[in-house]
1. How many percent of Cα pairs in the stretch 61-156 exceed 19 Å?
2. Defining a contact as two alpha carbons under 8 Å apart and six or more residues distant in sequence, what relative contact order in percent does the stretch 194-251 show?
3. Amide H of VAL259 versus every other amide H placed in the peptide plane: which residues, excluding those fewer than 5 positions away on the same chain, fall under 5 Å?
4. Using the per-residue mean of other Cβ atoms lying within 10 Å as a proxy for protection, in what order, highest first, do the peptides 218-224, 166-172, 143-149 fall?
5. Amide H to amide H, which residues 5 or more places from ASP100 or on other chains are under 5 Å from it, using H placed in the peptide plane?
6. Specify whether the C-alpha gyration tensor of the stretch 84-124 places it in the rounded, prolate or oblate class, a ≥ b ≥ c being the square roots of the eigenvalues: rounded for a/c under 1.5, otherwise prolate if a/b is larger than b/c and oblate if not.
7. Residue by residue, what Karplus-based ³J(HN,Hα) values in Hz, rounded to whole numbers, does the stretch 252-268 have, using 6.51, -1.76 and 1.60 with θ = phi - 60° and x for Gly and Pro?
8. Rounded to the nearest 20 debye, what is the charge dipole size of the stretch 89-147 about its Cα centre when +1 sits on each Lys and Arg Cβ and -1 on each Asp and Glu Cβ?
Amino acid sequence: MTRYTMPGRLSMLHDVKRKLRRSKLNTVCEEAKCPNIAECFGCKTATFLIMGEVCTRACRFCAIRKGKPEPLDPQEPERLAEAVDVLGIRHAVITSVTRDDLEDGGAVCFAACIREINKRNPQVRTEVLIPDFQGDANAVGVVLDAGPSVMNHNIETVPRLYRDVRPKADFMRSLNLIAQAASRKSSSMVVKSGMMVGLGENEPEVYAVLKSLQQSGCDIVTIGQYLRPTKENWAVHRDVSDQEFARYQQIGHELGMMVIAGPLVRSSYKALDSFDEVRRQYAGSIQNH
């Protein structure tokens, strides 16, 4: 029996799901079929999916439904803050579908969620995993002004694969967003990104992305094995070895970043632990940015 199917974890998992349904909230843990769902819920960490369950983009690696989203629910930030309190969440990760149909891409909704959580329980850390807002620097600023503990935006893959895997995204747009966040960070906030491997990239390309992220001011990078969610999604090109993941972690260490790499690593995997570790190890360098 694995740690993911232990009776205690399974019971806790069902309890969290019941409470989420009562709050009418979604988690990316469920929508994206994350393999670490029981472990994260057990550590009082959850990744909430705001602004609906339908995405305006069609990234070929993603299991979330695509199409025309519903209008925003103005009560969602308040319900989210209440659920975080009821569930005893210590580190709330907030992400969303991409809402290119909204003028601000949903930035105001992200900011409202952060503020509602902070108002209800200032001890809870908030990590936002934001879309690219179509390169709107003002929208990014709205989220930053709300004071998240972690500003996360996934680079996802190497530039060469964007046209095939992320046709509506742009590598430099995402890198500029990370640089914007890094230019405003302080000792109370860290900047994070993440990517998948096994999509068709090679090691030198991953090294180049890590270097670009480091130069943009990123503190934490997560790297995990791409797992094909359905047969309609992008095919897995290779299974990445443990040795390769270890090399990525070593490269990160040499660059002065924290790289968390492994087959089942996802954007919010060990989010609380990595935040604490960066604050502990890199507090001095973060303050001097």
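Each value in this text was obtained by applying a stated rule to the coordinates, not by laboratory testing. This one's a predicted model, so the numbers in the text were calculated from it and none came from an experiment. Note: ideal-geometry Cβ built from the backbone for every residue, glycine included; neighbour counts use all protein chains shown.
1. Numbers: 1847 of 4560 pairs.
Considering the stretch 61-156, 41 percent of its Cα-Cα pairs are separated by more than 19 Å.
2. Working: 43 pairs, mean separation 28.5, N = 58.
Computed value for the stretch 194-251: 49 percent relative contact order.
3. Answer set, sorted by chain and number: VAL221, HIS253.
4. 218-224, 143-149, 166-172
5. Under 5 Å from the amide H of ASP100 lie the amide H atoms of THR56, each far enough along the sequence or on another chain.
6. Values: a/c = 3.81, a/b = 2.18, b/c = 1.74.
Prolate, because a/c is 1.5 or more and a/b exceeds b/c.
7. With coefficients 6.51, -1.76 and 1.60, one gets x, 4, 5, 7, x, 10, 8, 10, 9, 10, x, x, 9, 5, 10, 3, 9 Hz.
8. Working: 6 positive and 9 negative charges, 114 e Å.
Here the size comes out at about 540 debye.
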